[in-house]
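Here is the structure we will look at.
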Amino acid sequence: MSENQQPLTEQEQATAPAEAEQPDLPAGEDSTAAEGSEALAADEQPDIDPADVRIFGLRRVCFHFTAGGAAVGYIVCGLLGLLAENAPGTAIGDLAAKTPSVTICAIAFGVVGYLIGRRLDKKRRAEKEASLAAETTENPEA
């Protein structure tokens, strides 16, 4: 209980459980309406592969790899900054001190992530098209 909440009085404790209970409806009344609305909702929505969903204009795989690449860019730049701070005067420390800004690292790694994601998405779509072509050659009637 937080400090702003007050304990319930005896009268409130007695009425609270009674209000929480809802009368049970016969199974035929409520469930039929719910099943009908679910069936309509299922019929209206087209069957979309989750991998084909677009996020900010990018396919899902490309978006995930781009976001992951940007995150890796921030982490790498932070680690290089720690290395430069803890090893000054050494060759590795001097090289780490010359790293570009954090934004440039994040963008560079994001671009690499996007390219990897795009390549994987192209492979996935090519496999999907090949499997559809194989199905149509096996069953030309469909």
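No value in this document is a laboratory result; all are computed from the given coordinates. No experiment lies behind these values; they were computed from the predicted model shown. Neighbour counts run over all protein chains shown; Cβ positions are idealised from the backbone, glycine included.
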*For Ala130 and Asp47 in the same chain, what is the full-extension length gain: residue separation times 0.36 nm, less their Cα-Cα distance, in nm?*
27.9 nm
*What ranking, highest mean first, results for peptides 116-127, 59-70 when packing means the other Cβ atoms within 10 Å averaged over each residue?*
59-70, 116-127
*Name the long-range amide H neighbours of Ile55: under 5 Å, sequence gap of 5 or more, or other chain; modelled H, no Pro or chain starts.*
Arg60
*Gain in span if fully extended, Asn139 to Val102, counting 0.36 nm per residue against the direct Cα distance*: 7.8 nm
_What is the sum of charges, Lys and Arg at +1 and Asp and Glu at -1, for the other residues whose Cβ falls under 9 Å from the Cβ of Val61?_
+3
*Between Phe56 and Val76, what FRET efficiency comes out of the Förster formula 1/(1 + (r/R0)^6) with R0 = 30 Å and r the beta carbon distance, rounded to 0.05?*
0.80
*Positive-pole candidate from Ser131, Thr99, Tyr114, dipole of the stretch 77-142, charges at beta carbon*: Thr99
